[in-house]
1. Which one is modelled with the highest pLDDT among residues in region 244-259 that are in a helix (DSSP H, G or I) and of a type in the set (Gly, Ala, Ser)?
2. Restricting to region 126-185, name every residue that is more than 23 Å from PHE347 (Cβ to Cβ), touching a residue at least 60 places away in the same chain (Cβ under 8 Å) and within 17 Å of the chain's Cα centre (by Cα).
3. What tally of residues in region 316-327 results from selecting those that are surrounded by fewer than 17 Cβ atoms within 10 Å (Cβ to Cβ) and of a type in the set (A, V, I, L, M)?
4. Name the single residue that is surrounded by the most Cβ atoms within 10 Å (Cβ to Cβ) among those in region 146-162 being part of a loop (DSSP other than H, G, I, E, B) and of a type outside the set (Ser, Thr, Tyr).
5. Identify all residues within region 234-259 that are in contact with a helix residue (DSSP H, G or I) (Cβ under 8 Å, 6 or more places away or on another chain) and within 30 Å of THR413 (Cα to Cα); write none if there are none.
6. Would you please name the residue that is farthest from ASP385 (Cα to Cα), looking only at residues in region 209-265 that are small (Gly, Ala, Ser) and in contact with a Leu (Cβ under 9 Å, 6 or more places away or on another chain)?
7. Would you tally the residues in region 260-284 being touching a helix residue (DSSP H, G or I) at 6+ places or on another chain (Cβ under 8 Å), in a helix (DSSP H, G or I) and not basic (Lys, Arg)?
8. Looking at ARG188, ARG221, ARG211, ARG184, which is the one that is within 22 Å of GLU368 (Cβ to Cβ), out of contact with any Ser or Thr (no Cβ under 9 Å at 6 or more places or on another chain), modelled with pLDDT of 85 or more and not hydrophobic (A, V, I, L, M, F, W, C)?
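The values are calculated or read from the model by the stated rules, or taken from the named source; none is laboratory data. Keep in mind that this is a model prediction, so the values were computed, not measured. Cβ atoms come from the backbone with ideal geometry, glycine included; neighbour counts cover every protein chain shown.
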Amino acid sequence: MQDVATNTGAENSPAPVSFSARTVTVFVRHSANCKDKERGGEWRKCRCPKALLVYEGQGSGKNRRVSAKTRSWEQAEKRAQEIRDSWDPEKQELKRLRAQKEQQQVRLEEAVALFLADQITRLGDNGTVRNSRSLLGHLDPETRTVTRAGRLFKWVEKYNSDKPADQRINYIADITPKHLTEWRASWRFASDTTGAQRWTRVKEFFNFCERQGWVSDNPARKLKDISVAKGNRTAIFTEEQYRRVLNAISLYAPENVPEVTRQAWQQRLRVFTELLRWSGMAPVDAVLYHPGLIDAGGVLTYRRKKTGELAIVPLPHHVRLLLRNIPLERDSIGPEMPFRSKASNLFSDTHKWEHRYDVLFKLAGITEVKTDHRIRKPHPYMFRDTFAVWYLTHGAKLHTVSRMLGHAKTVTTEKAYLPWVREMQEHHIDDARKAQQAIAQLVNNRDDVVDIPGSEVRTAVV
């Protein structure tokens with residue numbers, strides 16, 4: 001700190017006195033033209049420079065005046081408090097420990113960026129990662145700064161706006177169960193399943209942070225899961241709706257596309273539609289289709305983009321014939337990747353096909369698909385659900401359908417298609433009861449049986 005030379009207004013500073021302890025006093029150094037200079041050094045409302053009178057007590061100190069380097073009385077008081085704190089050994093130790101702790105802590109932006117990077121490494125930049133970005137935020141992988149706020153960073157920004165610096169959320173370890181409760185209560189999703197799925201993603205994020213050692217106690221573990229109402233949520237196309245989709249392909253004549261693309265348009269759309277319907281592939285997996293995925297026996301084997309799990313599907317004969325001759329668009333990569341474009345990434349290609357189905361569904365007159373809980377807009381992913389339900393209701397075993405869908409566990413298949421699994425079980429029970437009629441006839445025709453009094457049942461004598 002530099003001593004401040006005496007200038008106009010110095011005579012208005014508080015008179016030096018003897019103190020038994022160290023003190024710091026704020027005073028104003030009025031300028032020559034200040035209209036309030038007669039009010040003295042303790043006048044707070046003028047904009048003249050503020051200074052500090054520092055007294056080092058216990059006989060060894062001296063009075064000195066130093067600039068507070070501000071014209072604000074409030075800021076000068078903060079500077080005075082900093083000097084007082086510097087004399088307090090306990091506060092200095094707390095400051096040192098706080099600084100050490102901050103050096104060891106991970107900022108929220110860095111934690112989210114590394115979580116997203118880990119997801120991309122494991123899963124690829126797929127729909128799961130896009131959901132995580134929407135929920136948490138979009139971050140630059142190099143600078144680890146927020147480029148577009150997701151739900152988490154929007155909420156944190158609003159939360160921090162009216163909080164003092166020491167109560168703001170800056171580090172991942174700052175987030176408490178109370179914060180998560182308030183943030184989750186602000187969510188507004190179209191369905192409870194979406195909220196439950198997003199909460200699962202939050203738990204994955206904090207589990208990741210806990211494994212990294214950034215949080216000592218996972219705050220998400222203290223909250224209960226979001227409850228989901230029972231009932232069928234899977235939306236499928238009926239046979240009639242699927243027929244209408246196929247018929248609508250001939251009506252789809254796009255404008256403003258190259259002639260080569262226009263000539264191939266309807267046949268490409270038919271092949272892609274039949275592939276989705278009879279392979280159970282998600283749209284992103286169908287976009288990645290190449291002939292090498294099908295063996296000589298017509299069995300499609302691929303790894304799902306979302307999970308990396310292996311899916312094995314015997315394709316119907318008519319689909320195999322369609323896949324042998326797929327016309328290309330002008331910007332197609334080639335026969336080796338017939339549904340990919342040269343200048344687009346996978347996300348753009350998938351979105352392009354989804355947009356085409358928006359038009360196709362309108363041409364087919366399909367504007368909504370009903371479930372037990374709500375009405376949903378048609379989406380090409382529903383071909384995958386239609387595939388699964390068709391096989392379940394036509395006698396395929398649950399394990400078989402699970403393998404064709406690329407589910408790691410049959411319980412995933414059972415949860416997704418529970419109503420149809422129950423329908424299949426009821427068919428099995430009915431079949432078993434029909435078979436039991438032969439058992440009753442067999443027992444009634446035997447000689448070593450006796451009647452049970454009061455009952456129509458007969459049993460064998462042991």
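1. ALA248
2. Of everything in region 126-185, just one residue is more than 23 Å from PHE347 (Cβ to Cβ), touching a residue at least 60 places away in the same chain (Cβ under 8 Å) and within 17 Å of the chain's Cα centre (by Cα), namely ILE172.
3. The total comes to 1.
4. Going through the qualifying residues, I end up with GLY150.
5. Correct list: THR234, ALA235, ILE236, PHE237, TYR242, VAL245, LEU246.
6. Residue satisfying both the conditions and the ranking: ALA220.
7. 12
8. None of the other options fit; the residue is ARG188.
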